[in-house]
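Encoded as structure tokens, the structure appears first; notes follow it.
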Amino acid sequence: MYYLFPLLAVLIWAGNTVINKLTVGVIHPAEIGFYRWVFAAIILTPFLLGPTIKAWPSIKPYLGRVFVLGTLGMAVFQSLAYFAADKTTAVNMGIVLSLMPIMALVLSMLALGQRLTYGALWGSVLSFVGVLWVVTGGDIWAITHQGINFGDALMLMATFAYAVYSALLKRWKIPFSAIQLLYLQVLVAIVVQLPLFLVSPGYGLNSDNLPLVLYACLFASIAAPLAWMSGVKYLGPSRNAVFFNLMPILTAIIAMLTLGEHLYIYHYVGGGITLIGVVLSERWQKALRNNSNEKA
């Protein structure tokens, strides 16, 4: 029963990757990036504004950290993903996004002093090769003379931003409830994205793009994080994280059904290598070297 929580969250996020692609040509990336958080704030404010004001003395010391988290996880990550959608496919976006857990793991080792494991080392190598295989269309050496698709590069930057967010979230351990922290980050995202929204060309809200904004707001911004946090509560972070490995598979299926995108051999090969690398990093927990306090 509890496994439905992370499964639902990953399914919603995979759907949102496809939503990112559907926004191209019907709403500017800066618009949907701003509107989704404004709508989320409108929904959450009646329930959380009062408790936030009441708890302000305990919240104030953490405002700097909350601002960094909201900027990275809500503003930068989402904005770059919307801009990337115009330059690459939803399938590629899903496969690149699958690098997030292993990026967060490596950053946690650097930031938290966690031990380096064989799985993390070789999993990182395999996952990186797998993503390179996808973004170069199966010709890795082509990157030396033609680089990678601009959209894939933006998605790599977005994924890295969210990995940093995840590592900092674990390091700082801010003592707020999950819904309270989410609400504060939503407010940060609105403030950070307002300047870009004001200077960007706009389509305005209409019948074509409003459903996309509402999906991003109701499902990807509120329902998925709450389902994911519920999964962490009942299953624990490690067992919950395994479900993130389904992201590229679910994204590919939804993209084929809704966008008519095609899977090629390099998608299967690169996606498979990436998935093996992520699973390896989670399962092979043998330390690469003994801790200094252990006897030789």
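The values are calculated or read from the model by the stated rules, or taken from the named source; none is laboratory data. From a predicted model like this one, the values you see are computed outputs, not experimental measurements. Please note: Cβ atoms are built from the backbone with ideal geometry, for glycine as well, and neighbour counts cover all protein chains shown.
Residue-by-condition table, conditions (1) under 21 Å from TYR162 (Cβ atoms); (2) modelled with pLDDT under 90:
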| position | (1), (2) |
| --- | --- |
| LEU8 | yes, no |
| ASN16 | yes, no |
| ILE19 | yes, no |
| GLY33 | yes, no |
| PRO51 | no, no |
| GLY64 | yes, no |
| MET93 | yes, yes |
| LEU97 | yes, yes |
| MET100 | yes, yes |
Exercise. Which of the residues that make up the stretch 1-14 are assigned to a helix (DSSP H, G or I) and surrounded by fewer than 18 Cβ atoms within 10 Å (Cβ to Cβ)?
Worked result: LEU4, LEU7
Seminar exercise, completed: Contact list, first residue from the stretch 157-184 and farther than 19 Å from SER124 by Cβ, second anywhere and among the hydroxyl-bearing types (Ser, Thr, Tyr) and in a helix (DSSP H, G or I), beta-carbon distance below 6 Å, six or more apart or interchain, is ILE174/TYR62
For this session: Test LEU99 against the criterion of being out of contact with any Leu (no Cβ under 9 Å at 6 or more places or on another chain) and touching a residue at least 60 places away in the same chain (Cβ under 8 Å), and give yes or no.
Result: no
Problem set entry | Filter result for ILE32 (closer than 18 Å to GLN185 by Cβ and either touching a helix residue (DSSP H, G or I) at 6+ places or on another chain (Cβ under 7 Å) or surrounded by 15 or more Cβ atoms within 10 Å (Cβ to Cβ) (or both)) | yes
For this session: Select the helices (runs of 4 or more DSSP H) contained entirely in the stretch 161-273, then report the ones holding at least 1 residues which are among the charged types (D, E, K, R).
Result: 224-235, 237-241
For this session: Run GLY94 past the list (1) surrounded by 23 or more Cβ atoms within 10 Å (Cβ to Cβ); (2) touching a strand residue (DSSP E or B) at 6+ places or on another chain (Cβ under 9 Å) and report the number of the one that doesn't hold.
Result: (2)
